[in-house]
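**Student:** Take a look at this one; I'll ask things after.
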Amino acid sequence: MMQGWVNQSCEAMLPIVVGHGNAPKQMVEALIDTGFSGFLSLPLSMIESLGLPWIFSDSVTLGDGSEVVFQMYRATVIWDGQFKVVDVAASESEPLLGMSLLYGFKLQVEAVERGIVTVEAMR
């Protein structure tokens, strides 16, 4: 089971360790975004500091219907105590954790400031 918190803006946050290969890993506080179908998005500056390799460009339709091209990178995260290889979208927003990473897990949110966020594998 993984645990996070609800911030003062009533957003569900989850810390996640991100890295690549044998390079140093970094703890990232990611906002859980159920409208994001990808795995993870990070600012380009963070992607560069982690040395994540570029893998492809992806055309994505945003919630407002507009289309944007994202540069995609490869990372290893620690997810539920295991190493997992995921695709990371470069975005200038804050780090986002999407539904592809949550797939197969149960998300519970105490929707109040400082509420507890839990993510656990479905049995």
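**Student:** Let me make sure I get this right: for region 1-84, a, b and c are the square roots of the gyration tensor eigenvalues over alpha carbons, sorted descending. Under 1.5 in a/c it's rounded, otherwise prolate if a/b > b/c, else oblate. Which is it? All intermediate terms of the calculation are to be shown ahead of the outcome.
**Tutor:** Numbers: a/c = 1.94, a/b = 1.06, b/c = 1.84.
Oblate, because a/c is 1.5 or more while a/b does not exceed b/c.
**Student:** Something else about it: Under a GNM of the chain (C-alpha, springs under 10 Å), which listed residue has the highest mean-square fluctuation: PRO24, PRO95, PRO15?
**Tutor:** For the chain, modelled as a Gaussian network with Cα springs under 10 Å, the answer is PRO24.
**Student:** Just rank LEU52, LEU62, fewest to most, by other beta-carbon atoms within 10 angstrom. Don't jump to the answer; show the numbers that get you there.
**Tutor:** On the way: LEU52 23, LEU62 10.
With the sparsest Cβ surroundings first, the list reads LEU62, LEU52.
**Student:** List the residues of region 1-29 whose backbone N lies under 15 Å from a point placed 7 Å from the Cα of LYS106 along the Cα-to-Cβ direction.
**Tutor:** Output list for this probe position: 1-3.
**Student:** Continuing with the same structure: Below 8 Å, C-alpha to C-alpha, sequence gap of six or more: please give me the relative contact order for region 16-102 in percent.
**Tutor:** Relative contact order for region 16-102 comes out at 42 percent.
**Student:** Can you sort THR76, THR34 so the residue with the fewest Cβ neighbours within 10 Å comes first? Don't skip to the end; give the middle numbers.
**Tutor:** Details: THR76 18, THR34 11.
Least crowded to most crowded, the residues run THR34, THR76.
**Student:** If neighbour count is taken as other Cβ atoms inside 10 Å, put ASP80, ASP33 in order from fewest to most. If you can, show how the numbers build up before the last one.
**Tutor:** On the way: ASP80 13, ASP33 20.
The order, fewest Cβ neighbours first, is ASP80, ASP33.
**Student:** In deg cm²/dmol and to the nearest 500, what is the mean residue ellipticity at 222 nm of the chain if only DSSP H runs of at least 4 residues count, each as -39500 (n - 2.57), divided by the residue total? Please list the in-between numbers first.
**Tutor:** Values: 2 runs with 11 residues, N = 123.
It lands at -2000 deg cm²/dmol.
**Student:** If you average the C-alpha positions of region 60-79 and of region 1-22 separately, how far apart do those two centres end up, in angstrom?
**Tutor:** 18 Å
Quick note: the coordinates plus some simple rules give every number you see, no bench work behind them. Since we're looking at a predicted model, the values are computed, not measured. Ideal geometry is used to build each Cβ from the backbone, glycine not excepted, and the neighbour counts take in all protein chains shown.
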